[in-house]
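The values are calculated or read from the model by the stated rules, or taken from the named source; none is laboratory data. Nothing here was measured: the structure is a model prediction, and the numbers come from that model. Neighbour counts run over all protein chains shown; Cβ positions are idealised from the backbone, glycine included. Just so you know, the surface numbers come from the protein's heavy atoms only, side chains and all, with ligands and any DNA or RNA stripped out. Shrake-Rupley method; radii C 1.70, N 1.55, O 1.52, S 1.80 Å.
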Amino acid sequence: MSSADLVPSCPPMISNAPTGVPPTAAVIFGATGDLTHRKIIPAFYHLAKNCLLPDDFAIIGFARRPKTDDEFRKDLEETLRKFSHTQPVDDKVWKKLSARIYYFQGELDDAEAYKRLAQKLKNLPESAKIGDSYLFYLATAPTYFGAAAQNLAAAGLASKNDGGRYRLIVEKPFGEDLKSAQELNRTLQSAFAEKDIFRIDHYLGKETVQNLIYFRFGNSIYEPLWNRRYIDHVQITVAEQVGVESRGGYYDQAGAARDMLQNHLFQLFTLTAMEPPASLDAESIRDEKVKVLRSISTPTPEYLQKNVVRAQYGGGYIGNKAIPAYRQEERVDHQSLTETFVAVRFEVDNWRWHGVPFYLRTGKALAAQFTEINIHFKRPPSVLFAASADKKIHRNSLRIRIQPNESISINFNAKIPGKDEAELVNMDFSYKSSFANYLPEAYERLLVDALIGESTLFTRADEVEQAWRLVDSLHDLWSKQKIKDLPLYACGSMGPVESDLLLERDGRHWTRSRELKS
Ligand code: BG6
């Protein structure tokens, strides 16, 4: 049967998405968790809806609690109806997909359970139709990642040289420092081939992040300017309005540097700074991203002392919503020194970027929710316009808006009619006005890619380790600082004053986002 049989009336496929998903049994570990309900199942549902899943497909949810297949399907349906980004849910698609969903009760650290799982996979009702491909999705607490991989191997459900027959998706966080990430890499690689390990960073699943490659290397007008000769500095901001909400237990052990900087911000950073890859294949692109990280020497404590800022949010209101101070959040230590905001200045010491600072910042409970990359160009030579203040020429800048209101805009100086003065004007591209309004969710693209064995949008072992090397240097410094409190920033602000000073000291300032009300 073709994929059209899974969904009777298939709309067009996700444009440009790879096709050719083989018949597969996908096992989700942590099947009753939040991620499965909010992201993974809605993503599978949209893949089915867009005709990207073969008919010979099964999803097996592995979790601890006792549950029947029907109870599991019902739970998933309830949350799908709530979280699906297209509404209403198409009943026919869900009915067909849910008939292919099964539940399996087992403990993640019980080797016997995996042997039973192997049996169950052999005996699935559709077993005759399901090919011999397996995708194991570790959507569990990270402490189980290693044990699950080893147990899969012991049950004969993993292989290092079986050409993509057994694939493993690993959620973040991948380790908590360089040492634990190296250990985890060793454990996973003892069971699976590196090319069959898919380390998730969901930012890579975002269309606007993938577009960075097209924007930079698909246009001849930007690449010649993309270097230290023309670029003054680069800013990358991932600002969140929400506090830690119900995730205090996890977050208090992680903090902004582990939770966001080590992964999402570094992905934006490396895609912005990388050299043109030899080709668009996974290894060429990932080689170039890793080279960016390698070009940053481990910062010394003296350097970081001046160039990194951390802080915590105090309580207050964002709009009408009351947010408690971070230390008062549920399951957060009342004396916590965990940062909810981090800003850092890095320099990429290679031929292209020598002397160009990259400022990265992220935080929770900030004034607005937005992710953007701002490229600030150098001023033109001041021979013509610098003589008088009213002839002032502004720096050009390029704003790449990753989310929301996905867009790219470039500004330039234009003469104000009737005056001998220049003003910055914008040229805008917006996804909404240029493209059809279906922007697939990150997890949809990532799932398809893992199913067909395409690794470009996943983090490679060496990349994850290089990112930890840099983040470890921040933690090394912080662990030696004998302090009782972190600087506070007002909830609903753009972070502590120290973050502004980080740029002001260099004669620069953070770009004001359009999301911010004046
Ligand atoms: C997750 C972090 O990886 O990314 C969260 O753990 C954060 O703390 C989230 O809120 C942000 O993702 P997005 O796609 O909403 O920007």
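With the condition being β-branched (Val, Ile, Thr) and more than 22 Å from Gly205 (Cα to Cα), I'd like the strands (runs of 3 or more DSSP E) fully within the stretch 22-141 carrying at least 1 qualifying residues. Full working, then the answer.
Working: elements: 24-29, 57-63, 101-105, 133-138.
The qualifying strands (runs of 3 or more DSSP E) are 57-63, 101-105.
Yes/no per residue for (1) among the hydroxyl-bearing types (Ser, Thr, Tyr); (2) open to solvent by less than 10 Å² (accessible area, probe 1.4 Å):
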{"residue": "Trp226", "(1), (2)": "no, yes"}
{"residue": "Thr237", "(1), (2)": "yes, yes"}
{"residue": "Asp252", "(1), (2)": "no, no"}
{"residue": "Ala256", "(1), (2)": "no, yes"}
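Out of Arg345, Arg361, I need the residue that is within 28 Å of Glu302 (Cβ to Cβ), away from the ligand (no atom under 16 Å from the Cβ) and not in a loop (DSSP other than H, G, I, E, B). Which one?
Values: Arg361 fails: away from the ligand (no atom under 16 Å from the Cβ).
Answer to the selection: Arg345.
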* To do: Looking only at the stretch 468-482, decide whether some residue is assigned to a loop (DSSP other than H, G, I, E, B) and loosely packed, with under 13 Cβ neighbours inside 10 Å.
  => yes
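Only one of Ile285, Ile236, Ile296 is among the β-branched types (Val, Ile, Thr) and closer than 29 Å to Ala322 by Cα. Can you tell me which? Let's see the steps before the verdict.
On the way: Ile285 fails: closer than 29 Å to Ala322 by Cα; Ile296 fails: closer than 29 Å to Ala322 by Cα.
Exactly one of Ile285, Ile236, Ile296 is among the β-branched types (Val, Ile, Thr) and closer than 29 Å to Ala322 by Cα, namely Ile236.
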* Asked: In the stretch 244-293, which residue that is more than 10 Å from the ligand (Cβ to nearest atom) and assigned to a loop (DSSP other than H, G, I, E, B) is nearest to Val464 (Cα to Cα)?
  -> Met274
* Cβ pairs under 7 Å, 6+ apart, first in the stretch 234-261 and farther than 14 Å from Val342 by Cβ, second charged (D, E, K, R) and within 8 Å of the ligand (Cβ to nearest atom) -> Val242/Lys364; Gly243/Lys364; Val244/Lys364
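For every residue, the table says whether it meets (1) open to solvent by 10 Å² or more (accessible area, probe 1.4 Å); (2) of a type in the set (Phe, Trp, Tyr).
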| residue | (1), (2) |
| --- | --- |
| Glu245 | yes, no |
| Met260 | yes, no |
| Asn263 | yes, no |
| Phe266 | no, yes |
| Thr270 | no, no |
| Met274 | no, no |
| Ala278 | yes, no |
| Ala282 | yes, no |
| Arg286 | no, no |
* Of Ala155, Ala141, which residue is within 16 Å of the ligand (Cβ to nearest atom), touching a residue at least 40 places away in the same chain (Cβ under 8 Å) and of a type in the set (A, V, I, L, M)? -> Ala141
* To do: Scan the stretch 90-109 residue by residue and report those that are open to solvent by 40 Å² or more (accessible area, probe 1.4 Å) and in contact (Cβ under 8 Å) with a residue 12 or more places away in the chain.
  => Asp90, Lys92, Lys96, Gln105, Glu107, Asp109
* On the given criteria, is Val234 more than 16 Å from the ligand (Cβ to nearest atom) and touching a His at 6+ places or on another chain (Cβ under 8 Å)? -> yes
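Let's see how each residue does on (1) touching an Asp or Glu at 6+ places or on another chain (Cβ under 9 Å); (2) away from the ligand (no atom under 16 Å from the Cβ); (3) at pLDDT below 90; (4) open to solvent by less than 80 Å² (accessible area, probe 1.4 Å):
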{"residue": "Lys378", "(1), (2), (3), (4)": "yes, yes, no, no"}
{"residue": "Val383", "(1), (2), (3), (4)": "no, yes, yes, no"}
{"residue": "Ala389", "(1), (2), (3), (4)": "no, yes, yes, no"}
{"residue": "Ile393", "(1), (2), (3), (4)": "no, yes, yes, yes"}
{"residue": "Ile408", "(1), (2), (3), (4)": "yes, yes, no, yes"}
{"residue": "Asn413", "(1), (2), (3), (4)": "yes, yes, no, yes"}
{"residue": "Asp420", "(1), (2), (3), (4)": "yes, yes, yes, no"}
* Asked: If a residue has to be touching a Leu at 6+ places or on another chain (Cβ under 8 Å), within 13 Å of the ligand (Cβ to nearest atom) and open to solvent by 20 Å² or more (accessible area, probe 1.4 Å) to count, how many in the stretch 164-208 make the cut?
  -> 2
* Asked: Could you give every pair whose Cβ atoms fall below 6 Å, whose first residue belongs to the stretch 331-359 and is in contact (Cβ under 8 Å) with a residue 12 or more places away in the chain, and whose second residue is assigned to a loop (DSSP other than H, G, I, E, B) and small (Gly, Ala, Ser), counting only separations of at least 6 or pairs across chains?
  -> Phe341/Gly495; Val348/Ser295; Asp349/Ser295; Asn350/Ser295
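Residue by residue, here is whether (1) away from the ligand (no atom under 14 Å from the Cβ); (2) assigned to a strand (DSSP E or B); (3) over 26 Å from Tyr230 (Cα atoms); (4) hydroxyl-bearing (Ser, Thr, Tyr) holds:
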site	(1), (2), (3), (4)
Pro299	yes, no, no, no
Ala322	yes, yes, yes, no
Asp333	yes, no, yes, no
Arg352	yes, no, no, no
* Selection count where residues are among the small types (Gly, Ala, Ser) and either buried (at least 23 other Cβ atoms within 10 Å of the Cβ) or closer than 21 Å to Asp34 by Cβ (or both), scope the stretch 52-75 -> 2
* To do: Go through the stretch 499-518 and give me each residue that's in contact with a helix residue (DSSP H, G or I) (Cβ under 8 Å, 6 or more places away or on another chain) and crowded, with 17+ Cβ neighbours inside 10 Å.
  => Leu502, Trp510
